[in-house]
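Engineer: Quick one: this structure, given as structure tokens, is what I'll be asking you about.
The values are calculated or read from the model by the stated rules, or taken from the named source; none is laboratory data. Because the structure is predicted, anything quoted here is derived from the model rather than measured. Every residue, glycine as well, gets a Cβ built from its backbone with ideal geometry; the counts of neighbours run over all protein chains shown.
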């Protein structure tokens, strides 16, 4: 029989959640839990409303665009997938890539009132990144509000836009009414700039969590969100796509006033077919990338599951688990909480030598470099940036109880008095801003 009662009490829900997280955050990519296994986990009550259409046999999720992340990607935005020159790809995407742009790619000169593509009027700037900007626009022909991603005219950015369009074309194979993916409405060119049109969504998940004072959401609220995102990954997997930059800033709430809220996955600028992944490419965001990505191992759709696990922890606690400034600190935080990846994983990493020293005379052949060694080699000091520091993932249950009470919605005596887990010897809060 199951170790958990089917008549799950709220505190058991916290324990079930932790057991699920431990499977999502497996240090060996080959042991990552699959989307279907996540949805079959006891944490999910089959009677609960997930805002997802599980009856669809076409295995898809719908796409919607987000406001760009407040936590900018710190890793290289380079995409060097082997598929970019394929015949199918070049036939599907036709963009006029001029060798000599008529203006600087860094001077988009887009402000409120700017007209894009003759009939899209800019009403607000939603965010910006290395690619360009995202703007809320209104179609002057239909009066419809949409989100437009305006890419810089620089040749490398144009090429990345072309790759993103290829990915979005693949996602069109999915059932738009059954997926939790931002809806893409095609592209146009504004001079030398490639502009992608998306449905306009309400708020990114990072802002949604922040607006809750970083207290974390009750299980009853974040379980449907996790279910929807798991379904989205299942649909991406059905067409062989790796998102590669899953984080709260790339997840949009459709309408924050709905209950349960519906979310959609956005920003496929770093996405790539799993069959064309290049292990040497550093893509994603420090703090959410799977260990195999950081270490330079071959990765696939399973790597998105690691990222989703960290998003789930952030939903439950209100703060990121491993908010590192660089890859060294990120791996250090992971190792201090979850232990070191096994040797057979480290053996295959292109970048393992950057963070580990090989010692054939020890039981575990790879030893993580000390802070002093890393600073000596790189000039960068190790920084403690965690909000919560856990000795093991099991401590998440205690953190959730302190933040939200033994049952969701209840406030514990410790929380009323501002106590931050001091009574629990194996975990502590470092600097909770909330």
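Engineer: Residues being in a loop (DSSP other than H, G, I, E, B), closer than 30 Å to residue 16 by Cβ and without any contact (Cβ under 8 Å) to a residue 60 or more places away in the chain: count how many of those fall in the range 365-399.
Structural biologist: Looking only at that region, the number is 2.
Engineer: Let me ask you something else. Quick one: is residue 223 closer than 24 Å to residue 321 by Cβ and in contact with a helix residue (DSSP H, G or I) (Cβ under 9 Å, 6 or more places away or on another chain)?
Structural biologist: The answer is yes for residue 223.
Engineer: Related question: Could you grab me the full set of residues in the range 323-364 that are in contact with a helix residue (DSSP H, G or I) (Cβ under 9 Å, 6 or more places away or on another chain), in a loop (DSSP other than H, G, I, E, B) and more than 19 Å from residue 293 (Cβ to Cβ)?
Structural biologist: 364
Engineer: Okay, moving on. Of everything in the range 189-217, what is surrounded by 20 or more Cβ atoms within 10 Å (Cβ to Cβ) and more than 20 Å from the chain's Cα centre (by Cα)? Give them in sequence order.
Structural biologist: 192, 193, 194, 195, 196, 197
Engineer: Just to be sure, is residue 390 at pLDDT below 70, under 23 Å from residue 338 (Cα atoms), surrounded by 13 or more Cβ atoms within 10 Å (Cβ to Cβ) and under 28 Å from the mean Cα position of the chain (by Cα)?
Structural biologist: Criteria not met by residue 390.
Engineer: I've got another one for you. Those residues that are surrounded by fewer than 20 Cβ atoms within 10 Å (Cβ to Cβ), in contact (Cβ under 8 Å) with a residue 40 or more places away in the chain and over 18 Å from residue 227 (Cα atoms), I need them from the range 164-182; list them, please.
Structural biologist: If the condition is that a residue be surrounded by fewer than 20 Cβ atoms within 10 Å (Cβ to Cβ), in contact (Cβ under 8 Å) with a residue 40 or more places away in the chain and over 18 Å from residue 227 (Cα atoms), then 169, 170, 173 are the ones that fit.
Engineer: Of the numbered conditions (1) surrounded by fewer than 19 Cβ atoms within 10 Å (Cβ to Cβ); (2) touching a strand residue (DSSP E or B) at 6+ places or on another chain (Cβ under 6 Å), residue 346 satisfies every one except a single condition; which is it?
Structural biologist: For residue 346, the failing item is (1).
Engineer: Looking only at residues that are free of Cβ contacts under 8 Å to residues at least 24 places away in the same chain and surrounded by fewer than 18 Cβ atoms within 10 Å (Cβ to Cβ) in the range 122-139, which one is nearest to residue 163 (Cα to Cα)?
Structural biologist: By that ranking, first place goes to 125.
Engineer: Just need a number here: residues in the range 142-185 that are in contact with a helix residue (DSSP H, G or I) (Cβ under 7 Å, 6 or more places away or on another chain), closer than 20 Å to residue 263 by Cα and assigned to a strand (DSSP E or B).
Structural biologist: Residues in the range 142-185 being in contact with a helix residue (DSSP H, G or I) (Cβ under 7 Å, 6 or more places away or on another chain), closer than 20 Å to residue 263 by Cα and assigned to a strand (DSSP E or B): 2 in total.
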